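The values are calculated or read from the model by the stated rules, or taken from the named source; none is laboratory data. As the structure is a computational prediction, the values presented were derived from the model and not from experiment. Ideal geometry is used to build each Cβ from the backbone, glycine not excepted, and the neighbour counts take in all protein chains shown. Quick note on the areas: whole protein, heavy atoms, side chains included, nothing else; ligands and nucleic acids left out. Shrake-Rupley method; radii C 1.70, N 1.55, O 1.52, S 1.80 Å.
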Amino acid sequence: MKLKLTRKRFSAQLPDTDIERLVDHCILNTVPIAEMGFLIIRGWLEKHHGELVAYYEKLAQEQDDSMGAVEHRILGEFKRRGTALTEATSQVGLALPIYDNRRLIGHAHKNDVSKAEMARQIIIPWLDANQGTVDRFYERAMEVTGMGVEEARAHFREAYRQASRSS
């Protein structure tokens, strides 16, 4: 028997500065940008799964219905809610397994935001919390290569872009 894990694709807009930081983590972890986004969101969903279950339980009690029925209604009525960013932004294509996609929609519903905004609210704080790791990586790269920090960043980002194009 084979199991097929279907994925739901969507785009999230991130400020260009955060795209650059995400690329830095991709370089550090040698993964594509979509995979890095997936890992960040998946980790966040696992950590906050209990909050989602509690939210569904509360709604089920209020509506005198089962949790499954509540989730089904939320998934059925969920619409993308556009939010405009004033900063320059770029699109990041992401894909989540159906189960994680449903959980992301549940958290978006709970926070009254779009799925793309929920992804943004997950990724940007993660980048903030892990900025020190990237800074240490570039400090070591600076020592090894003899380049300045910005020159090392530009060098590694260009090498990453070239590698991304050829794959």
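General observations
- Tally of residues being part of a helix (DSSP H, G or I) and either touching a strand residue (DSSP E or B) at 6+ places or on another chain (Cβ under 9 Å) or in contact (Cβ under 8 Å) with a residue 24 or more places away in the chain (or both) across the range 1-34: 15
Here is a yes/no grid of residues against (1) free of Cβ contacts under 8 Å to residues at least 60 places away in the same chain; (2) more than 23 Å from the chain's Cα centre (by Cα); (3) open to solvent by 70 Å² or more (accessible area, probe 1.4 Å):
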position: ARG103; (1), (2), (3): yes, no, no
position: GLY106; (1), (2), (3): yes, no, no
position: ARG136; (1), (2), (3): yes, no, yes
position: GLU143; (1), (2), (3): yes, yes, yes
position: MET147; (1), (2), (3): yes, yes, no
position: ALA154; (1), (2), (3): yes, yes, no
position: ARG157; (1), (2), (3): no, no, no
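- Subset of the range 114-124 that is open to solvent by 20 Å² or more (accessible area, probe 1.4 Å) and hydrophobic (A, V, I, L, M, F, W, C) - its residue that is modelled with the lowest pLDDT: ALA116
- Residue-level analysis places LEU94 among those that are surrounded by 15 or more Cβ atoms within 10 Å (Cβ to Cβ), in contact with a Ser or Thr (Cβ under 9 Å, 6 or more places away or on another chain), touching a residue at least 12 places away in the same chain (Cβ under 8 Å) and of a type outside the set (Phe, Trp, Tyr).
- Filtered residues of the range 28-54 (kept if surrounded by 20 or more Cβ atoms within 10 Å (Cβ to Cβ) and either of a type in the set (Lys, Arg) or more than 20 Å from LYS8 (Cβ to Cβ) (or both)): none
- Selection from the range 1-27 of residues that are open to solvent by 30 Å² or more (accessible area, probe 1.4 Å), more than 22 Å from GLU71 (Cβ to Cβ) and touching a helix residue (DSSP H, G or I) at 6+ places or on another chain (Cβ under 6 Å): ARG21
- Any hit, the range 62-82, residues being surrounded by 12 or more Cβ atoms within 10 Å (Cβ to Cβ) and touching a residue at least 40 places away in the same chain (Cβ under 8 Å): no
- Selection status of SER164, open to solvent by less than 70 Å² (accessible area, probe 1.4 Å), hydroxyl-bearing (Ser, Thr, Tyr) and in a helix (DSSP H, G or I): yes
Quick grid of which residues meet (1) modelled with pLDDT of 90 or more; (2) among the aliphatic types (A, V, I, L, M); (3) in contact with a Leu (Cβ under 9 Å, 6 or more places away or on another chain):
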site: HIS107; (1), (2), (3): yes, no, yes
site: TRP126; (1), (2), (3): yes, no, no
site: ASP135; (1), (2), (3): yes, no, no
site: GLU139; (1), (2), (3): yes, no, no
site: GLY148; (1), (2), (3): no, no, no
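- Total residues in the range 125-134 satisfying the condition of being of a type in the set (A, V, I, L, M) and open to solvent by 70 Å² or more (accessible area, probe 1.4 Å): the figure is 1.
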